[in-house]
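Since the structure comes first, as structure tokens, the remarks are kept for the end.
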Amino acid sequence: MMKKTPGQRKKRPPVRLGSVDTQALVDRLRELHTLGEDPQMERFPASEELFLVLLHTGRTADFLVQPANNPVNVRAEAALLRAKLWQYIREVADTHQLRAIEDGRNAGVPWDHFKESLCVTSKQGAYQKARRLKAEQLREAGEWRTPEVARAHEQRVAADERAERTRVSEQIQRWPLAERIGHMLVEHRAGFAVQGMSQYWLEEIADTVDDRTTATEQANFTGFIESFVRNAHQLAREHGQSITTTDEARHVLELATEFTSQQLPVVPRSQLS
């Protein structure tokens, strides 16, 4: 098998540390420095002073001694804990720095005024650094920390928002009919022999049909009826018999089924009065 040259190897993006139990890690670091006979142990900072703890443990790391007959490599484990805690601080700092930049931008601060605070030489450099910080907060596992990642995320969010507005706009047209069918389902609910999810959706319809006030709530209600119909027919197939016990319930189920199969089903108004 031909070996890949260094230039051919696929780089793996870093994985964010995420939330950690800093208290437990600092407590363990304190134990290791105690075991290693830290010569300045009496000056070891309080556990909540994470930054000071890391400065202290960095200064005294070379003075730690390996305790006899102890399987724990004190200096090695302490070094790993320090690296993990510094990474945690880096990620937290990035989050707060990005928040400061966004607050400044919202207050009208131009990009070139961020050059000194972000250690860059141009306003474009400040903008790009802010985008990289944004990408770090938004990227999924396996994505690189680049402005393109942040831009792609924003585009996905914008696309999702457009899709949701389109959905609501389309479904809101069905609300008047959905509301009438919902009231009919509630009126004749005693004629439905339902259980499981079909019972859940029938109860959801009964609980919400009279309090749909916003466009999103009304659009979502059409989905409640569709879910009830889908689960009601599935229940009927599983038991090999109708889930309605009265003619009125059967008729309402037929109307609800037609409602789910058409964008705007044509149902005589007289049947919905």
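The values are calculated or read from the model by the stated rules, or taken from the named source; none is laboratory data. Keep in mind the model is a prediction, meaning the values are calculated, not measured. Heads up, the Cβs are rebuilt from the backbone with ideal geometry, glycines too, and the neighbour counts pull from every protein chain shown.
Mind checking which pairs have a first residue in region 28-43 that is among the charged types (D, E, K, R) and a second that is part of a loop (DSSP other than H, G, I, E, B), Cβ under 8 Å, 6 or more apart or different chains?
What qualifies is 30/44; 30/47; 37/64; 37/65; 37/67; 38/44; 38/64.
Test each condition in (1) under 27 Å from residue 21 (Cα atoms); (2) part of a helix (DSSP H, G or I) for residue 125 and report the one that comes out false.
The number of the failed condition is (1).
Any residue that is surrounded by 12 or more Cβ atoms within 10 Å (Cβ to Cβ) and at pLDDT 70 or above - is there at least one of those in region 139-154?
No, because not a single residue in region 139-154 is surrounded by 12 or more Cβ atoms within 10 Å (Cβ to Cβ) and at pLDDT 70 or above.
Report, by residue number, each residue of region 223-251 that is charged (D, E, K, R) and surrounded by 14 or more Cβ atoms within 10 Å (Cβ to Cβ).
Quick first cut of region 223-251, residues charged (D, E, K, R) only: 226, 230, 237-238, 247-248, 250.
Scanning region 223-251 gives 226, 230, 248, 250.
Residues to consider are 116, 164; find the one that is farther than 17 Å from residue 94 by Cβ, modelled with pLDDT of 70 or more and not in a helix (DSSP H, G or I).
Unique residue meeting the criteria: 116.
Please tell me if residue 254 is at pLDDT below 95, exposed (fewer than 15 other Cβ atoms within 10 Å of the Cβ) and either in the same structural domain as residue 133 (by TED's automatic domain parsing) or within 30 Å of residue 131 (Cα to Cα) (or both).
It is false that residue 254 is at pLDDT below 95, exposed (fewer than 15 other Cβ atoms within 10 Å of the Cβ) and either in the same structural domain as residue 133 (by TED's automatic domain parsing) or within 30 Å of residue 131 (Cα to Cα) (or both).
Out of region 171-213, which residues are assigned to a loop (DSSP other than H, G, I, E, B) and either over 29 Å from the mean Cα position of the chain (by Cα) or on the phi > 0 side of the Ramachandran plot (or both)?
173, 174, 188, 193, 194, 195, 209, 210
Please report, ordered by residue number, the helices (runs of 4 or more DSSP H) entirely within region 1-107 with at least 1 residues that are modelled with pLDDT of 90 or more and within 25 Å of the chain's Cα centre (by Cα).
Correct list: 74-106.
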